[in-house]
Amino acid sequence: MISTLTSLNLIIPFLYLITFSAYLIDFFYENRILINSKRIFLFITLFIHIFYLLLRTIEFDHPPITNKFEIFSVLAFSVSFSYFILELLTDIRRTGTFIIFFSLLFQAASSLFIVNDYVVPEVLRNRLLGLHVISALLGYSGITISAVYGLLFLLLYKNLKANRFGLLFNRMPSLETLEKLSFNSLMIGFVLLTIAIIIGIIWLPTAFPDFRYSDPKLIGTIIIWIVYGAGIASKFAANLYGRKVILFSLFGFVLTMLSLILTSTLANTFHSFY
Amino acid sequence: MNLIGISINHKTAPIEIREALHLNRDEIIQLIGKLKEDTFSEGVVISTCNRTEIFVFPKYYSLNIDTAVNTLLNLKPVAGIKKEYFNKFFSCGAVKHLFTVSSGIDSLIVGDSQILGQVKEAFEISEDLNFTGTISKRIFDHSVKVGKRAIKETAIGEGAVTVSYAAVQVVEKIFANLEKKSALVIGAGETAELAAIHLHDKGVGKITITNRTQSKAESLAEKVNGAVIPFTHFKEYIHNFDIIISATSANETILGFEDIRNEMKKRKGNPLVIMDIAVPRDFDPEVKKLDNVFYHDMDSLKIIVDQNIQKRKSEIPKVEEIILEELVNFFSWYNTLEVVPTIKSIREFFDEIRNDELEKIKHKIKDEDFSKIEDMTRRMIGRLLHNPTVKLRELAESGNNIQDITTNTIILKELFGLDKERNNGSDKDMNDEK
């Protein structure tokens, strides 16, 4: 089974590369064949990827969330899977390039550095941890997708204001649609992050003896959650539209990334077991 | 095939000449009557604001192409008309020209799909007047197919190519659901009307018209199921609209920066799209600096129009490929028709020989014997010609092996000297046969 896992580990980034290329070519050249077949590429990629993740779970007897590079692989899957669902629901097909790119990056990093022989701390085999990490990862996928659509919104907004009617103008859906996609992804991401935080707060004190509420990662996550929560609340309360909401979402994303990088590298936290 | 094509269009003649030669339905009917008199057996007359086209089959092979031009000019005499204003086509060239016209690549606005409907309508007029036949029907079926394939398989008809449609295209890039949006059209002239109709066609929820002359606004509002607000008060209602299309003939701006800034406060930042398609402009262009105000004037919309025209032009090679494919399809069918007159000719040729020989012995033998010889020779010729007739028919019906059909018919014609025998009006006979 290890050899199968090794082969799949090598194949999957190439599948993402092929899917990304299909989306990219269609974005630039409006290929009549690719407009439908690229979705099939994405489906096959996701199918093989989930098979790989399940196989890994069976082989190592724990969900693939026990080291950084396993998490990268789950993140790659969840970003593309979320996009796949969005594409099916909205039939907006030409934004995939910008989202699958993230999956390609995550999976490439995962495939390059993932190892099979390492010791998994007993605490990481807990099922509640699985739920905590998976909901957090899906939450991060949501806010990543939200940020991508937000960025596309801003680019299209600027193009429209500056009378630039190029590729983005021709390929993107309307500003209103991009805003909706960005906000809906953000909402899903926010709900999942909330679930992750709740599970974490309930379970972490019992699982980690050195748990403390002043933990930098916990504080960082709570700040992010408050920022997003305030943004969402003000959107509903003040009926905010467009650029302001998008800028808020992008600010939240940058803050999230900073928080993740800082707490994973610099800060001393009980979360740093990877 | 002796199809003749005559064309006067935007590429060959100035607009005054095209206008002078434009034919309405009644004039087309009249012209077809004249063409019938002037030795044409079937054909079609297409006339739009940018072109007049005549496609006709002469009854006889030796015919001057100018006859069709003269018939047209006799019906519609035009001062200053020159020979070079007319493009003339024959046979395959005429079919190709018709296909090119139907595809829209020969139109003033490349990819114009209206021409396809006009071609269909022209053919229907000819059909009603019994001025069509099997071949012309087949040619026009293929030309309609070319037009449909061009629209379906290429991007020749995609993108806005008029400023008012480009304005609507930009609106669609800002709002997702136009049903929930309201639009104000300022002005009721031709441009404003076109824009209002485009908005209506795109399903904009509420359209309101305002114009200095109230009656014109009411008339346009009726066309688009819209409402009217008085021109003197319209500024008070600006904040209620998501889209404003302005196309007045005012000499100075009617809405300034401060007006829109104040209205945007009332709109709580909800986006406002302003399409200023008036010359001179109706809005202060500085309004584009306001957040969530999308201001576009003629110049910016012209960028979209020019881009789309360029894009359509780049699709022409794909359409030309479709034209070529349909030409091949049509002539594959047409070439199979060659065998029918060949079979008929060869039978006539054998019968003539038989009759000649029978005539020679008719008075030399008894009637009873003559009758037996007559039967015997008929059966003999029947049996001799059975195999080649069946084989040729089979080839023709299969529609394949065009080369074989042509080769076989040529060999037969050469061997029996059929072309010499049937030199006079062979094409006329062929048409009659078909």
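Loop-located chymotrypsin sites (Phe, Trp or Tyr not before Pro) in segment A:72-154 (DSSP state not H, G, I, E or B) with no more than 10 neighbouring Cβ atoms inside 10 Å: A:TYR118. Note on segment B:121-161: the C-alpha convex hull projects to 3.6 nm² when averaged across all orientations. P(r) tail for the protein assembly as shown: Cα pairs beyond 43 Å make up 52% of the total.
Interface size, chains B and A: roughly 2100 Å² of accessible area buried, both sides included, 1.4 Å probe, rounded to the nearest 100. Computed about the Cα centre, the dipole magnitude for chain B is approximately 560 debye when only Lys and Arg (+1) and Asp and Glu (-1) carry charge, each at its Cβ. With a 1.4 Å probe and every protein chain left in place, work out the accessible area per residue of the protein assembly as shown in Å², rounded to a whole number. Accessible surface, normalised per residue, equals 48 Å².
The listed residues B:ARG393, A:ARG39, B:ARG18, B:ARG379 rank as B:ARG379, B:ARG393, A:ARG39, B:ARG18 when sorted by accessible area, largest first, using a 1.4 Å probe.
Calculate the tail of P(r) for chain B: the fraction of all Cα-Cα distances greater than 27 Å, expressed in %. Result for the distance tail: 66 percent. Give the carbon-plus-sulfur fraction of the accessible surface of the protein assembly as shown in %, rounded to a whole number; probe 1.4 Å, heavy atoms of protein chains only. Exposed carbon and sulfur together represent 58 percent of the surface. With a 1.4 Å probe rolled over the protein heavy atoms of all chains, the accessible area of A:TRP225, B:TRP333, A:TRP203 falls in the order A:TRP225, B:TRP333, A:TRP203, largest first. Given a 1.4 Å probe, show me the residues in segment A:214-252 buried by at least 20 Å² of accessible surface when comparing the whole protein assembly to the chain alone. For segment A:214-252, once contacts with the other chains are taken into account, A:ASN239, A:TYR241, A:ARG243 lose 20 Å² or more.
A cut-off under 12 angstrom between Cβ atoms defines the neighbours of B:TYR85, and their net charge, with Lys, Arg +1 and Asp, Glu -1, is +4. The per residue volume of the convex hull around the alpha-carbon atoms of chain A is 127 Å³. Comparing the full protein assembly with the isolated chain (1.4 Å probe, heavy atoms, ligands and nucleic acids excluded), the residues of segment B:162-187 losing at least 40 square angstrom of accessible area are B:LYS173, B:ILE174, B:ALA176. If you take all other residues with their beta carbon under 15 Å from the beta carbon of A:LEU15, and give Lys and Arg +1 and Asp and Glu -1, the sum is +2. With R₀ set to 41 Å, the beta-carbon distance separating A:TYR213 from B:GLU172 gives a calculated FRET efficiency near 0.20. Residue-wise HN-Hα couplings along segment B:224-241, as the Karplus relation 6.51 cos²θ - 1.76 cosθ + 1.60 with θ = phi - 60° gives them from phi, are 10, 6, x, 10, 10, 10, x, 4, 5, 10, 4, 4, 6, 9, 3, 5, 7, 10 Hz; Gly and Pro carry x.
So what is log10(I(q)/I(0)) for segment A:167-270 at q = 0.15, 0.21 1/Å, when the Debye sum runs over its Cα atoms only? For segment A:167-270, the Cα-only Debye profile gives -0.72, -1.11. Here the 3J(HN,Hα) profile of segment B:347-358, calculated from phi with Karplus coefficients 6.51, -1.76 and 1.60 at θ = phi - 60°, is 5, 4, 4, 5, 5, 4, 4, 4, 5, 4, 5, 5 Hz, Gly and Pro shown as x. Ordered from largest to smallest accessible area (heavy atoms of protein chains, 1.4 Å probe), the residues A:LYS38, B:LYS366 come out as B:LYS366, A:LYS38.
Computed with a 1.4 Å probe on the full set of protein chains, the accessible area for B:LYS362 sits at about 90 Å². Reported to the nearest whole Å, the Cα centre-to-centre distance from segment B:134-158 to segment A:29-44 is 28.
Think of it as helices only: each DSSP H run of n ≥ 4 in the protein assembly as shown is worth -39500 (n - 2.57), and spread over all residues that comes to -21500 deg cm²/dmol at 222 nm.
How far is the Cα center of segment B:352-389 from the Cα center of segment B:178-243, in Å? Between the Cα centre of segment B:352-389 and that of segment B:178-243, the gap is 86 Å.
The values are calculated or read from the model by the stated rules, or taken from the named source; none is laboratory data. Here the structure is a predicted model, which means the values were calculated and not measured. With ideal geometry, Cβ positions are generated from the backbone for all residues, glycine too; neighbour counts draw on all protein chains shown. Just so you know, the surface numbers come from the protein's heavy atoms only, side chains and all, with ligands and any DNA or RNA stripped out. Shrake-Rupley method; radii C 1.70, N 1.55, O 1.52, S 1.80 Å.
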